[in-house]
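So the structure is just underneath, and the comments pick up after that.
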Amino acid sequence: MRIPIISMFISSPFEGLQEHAQKVREGASGFHKAVQYYFSNDEEAFERKRIEVAGLEQDADAIKRRIRGHLPKGTLMPIDKFQFFMYLREQDRIIDAFEDVLDWFSFRPAHKIPEDLQGDIIFLTDSVLEPIDSLCKMVVEGQKYFKSYTEKQRRIVKDHIRELRIKEHQADMLEATLKQAIFALDETEGVTIFYLIRLVEIIGSIADHIENSGDMMRAMIAK
């Protein structure tokens, strides 16, 4: 049985991950509202939320830097430090993607997006945000595992990881369907096609980074 070395820390590195995950959750909420404002053609409200999400992304970056700064070379950890930092990087890329999507939205007004596709884009956005709660729970349960190392707790973490994978696959299918619909548009200028395809890809990347975070957590709890 492995000794829970994490108990030797004054503060667990997972506490920082939880703080960072909470910032991602806040970013997801702001992102969701911004998308609603965008498609409601409320440009001022959209811009306020876009700036708010950018600020949350900066807060998340500050937490990420603090976590890294508090784990100097030679620090004992109950997990591989490289895997830990890889997890942190993927979790941080989620909120980066929120900012990227909103920035991309700002380049083109909503009324220039074909009405037939607007509902599908909103649906894709909702789909990629669904796993956020599971991600935050996974981090909490991960910390519990590294304190106890029980098989029961390990299964709980794996259940959350499995849920992330299922939802990412669902988002992937929606993304593929949307791309087919975009390329099937008749008499649509190339700039619009490019804009829409890129938009769908950036939105889809949110689910990809969430799944990657789950994969890194799976590597950390592997025996």
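The values are calculated or read from the model by the stated rules, or taken from the named source; none is laboratory data. Bear in mind that the values here come from a model prediction, so they are computed numbers and not experimental data. Virtual Cβ from ideal backbone geometry, glycine too; neighbours counted across all protein chains shown.
What are the residues in the stretch 183-198 that are in contact (Cβ under 8 Å) with a residue 60 or more places away in the chain, closer than 25 Å to Ala28 by Cβ and surrounded by fewer than 22 Cβ atoms within 10 Å (Cβ to Cβ), if any?
Tyr195, Arg198
Under 8 Å between Cβ atoms, which residue pairs at least 6 apart in sequence (or on different chains) link something in the stretch 16-36 that is within 17 Å of Leu71 (Cβ to Cβ) with a partner that is outside any helix (DSSP H, G or I)?
Gly16/His70
Give me the pairs, please: first residue somewhere in the stretch 207-223 and of a type in the set (Asp, Glu), second residue anywhere and in a helix (DSSP H, G or I), beta-carbon distance under 6 Å, and either six or more positions apart or on two chains.
Close Cβ pairs (under 6 Å, with a partner that is in a helix (DSSP H, G or I)) amount to Glu211/Leu164; Glu211/Arg165; Glu211/Glu168.
Say we look at the stretch 88-111 and pick out the residues that are of a type in the set (A, V, I, L, M), out of contact with any His (no Cβ under 8 Å at 6 or more places or on another chain) and buried (at least 21 other Cβ atoms within 10 Å of the Cβ); which of these is farthest from Arg155 (Cα to Cα)?
Only one residue fits best here, namely Leu102.
Within the stretch 51-59, does at least one residue satisfy the condition of being part of a helix (DSSP H, G or I), over 27 Å from Ile113 (Cα atoms), touching a residue at least 24 places away in the same chain (Cβ under 8 Å) and of a type outside the set (Asp, Glu)?
yes
With the structure loaded, tell me whether Ile79 is under 27 Å from Leu164 (Cα atoms), surrounded by 16 or more Cβ atoms within 10 Å (Cβ to Cβ), hydrophobic (A, V, I, L, M, F, W, C) and modelled with pLDDT under 95 or whether it fails that test.
Taking the combined requirement at face value, the residue satisfies it.
Would you point out which residue out of Phe82, Phe123 is free of Cβ contacts under 8 Å to residues at least 24 places away in the same chain and either assigned to a helix (DSSP H, G or I) or of a type outside the set (Asp, Glu) (or both)?
Phe82
Would the stretch 202-216 turn up any residue that is part of a helix (DSSP H, G or I), buried (at least 18 other Cβ atoms within 10 Å of the Cβ) and modelled with pLDDT under 95?
Within the stretch 202-216, not a single residue is part of a helix (DSSP H, G or I), buried (at least 18 other Cβ atoms within 10 Å of the Cβ) and modelled with pLDDT under 95.
Condition check ((1) under 23 Å from Lys33 (Cβ atoms); (2) surrounded by fewer than 18 Cβ atoms within 10 Å (Cβ to Cβ); (3) out of contact with any Asp or Glu (no Cβ under 6 Å at 6 or more places or on another chain)) across all residues:
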{"residue": "Ile113", "(1), (2), (3)": "yes, no, yes"}
{"residue": "Leu124", "(1), (2), (3)": "yes, no, yes"}
{"residue": "Ser134", "(1), (2), (3)": "yes, no, no"}
{"residue": "Phe146", "(1), (2), (3)": "no, no, yes"}
{"residue": "Thr150", "(1), (2), (3)": "no, yes, yes"}
{"residue": "His160", "(1), (2), (3)": "no, no, yes"}
{"residue": "Glu163", "(1), (2), (3)": "no, no, yes"}
{"residue": "Gln170", "(1), (2), (3)": "yes, yes, yes"}
{"residue": "Leu174", "(1), (2), (3)": "yes, no, yes"}
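Of all residues in the stretch 11-37, how many are among the hydroxyl-bearing types (Ser, Thr, Tyr), over 14 Å from the mean Cα position of the chain (by Cα) and modelled with pLDDT of 95 or more?
Number satisfying all stated conditions: 1.
From the list Ala45, Ala28, Ala54, which residue is touching a Leu at 6+ places or on another chain (Cβ under 6 Å), surrounded by 13 or more Cβ atoms within 10 Å (Cβ to Cβ) and farther than 26 Å from Ile193 by Cα?
Within the list Ala45, Ala28, Ala54, the selection yields Ala28.
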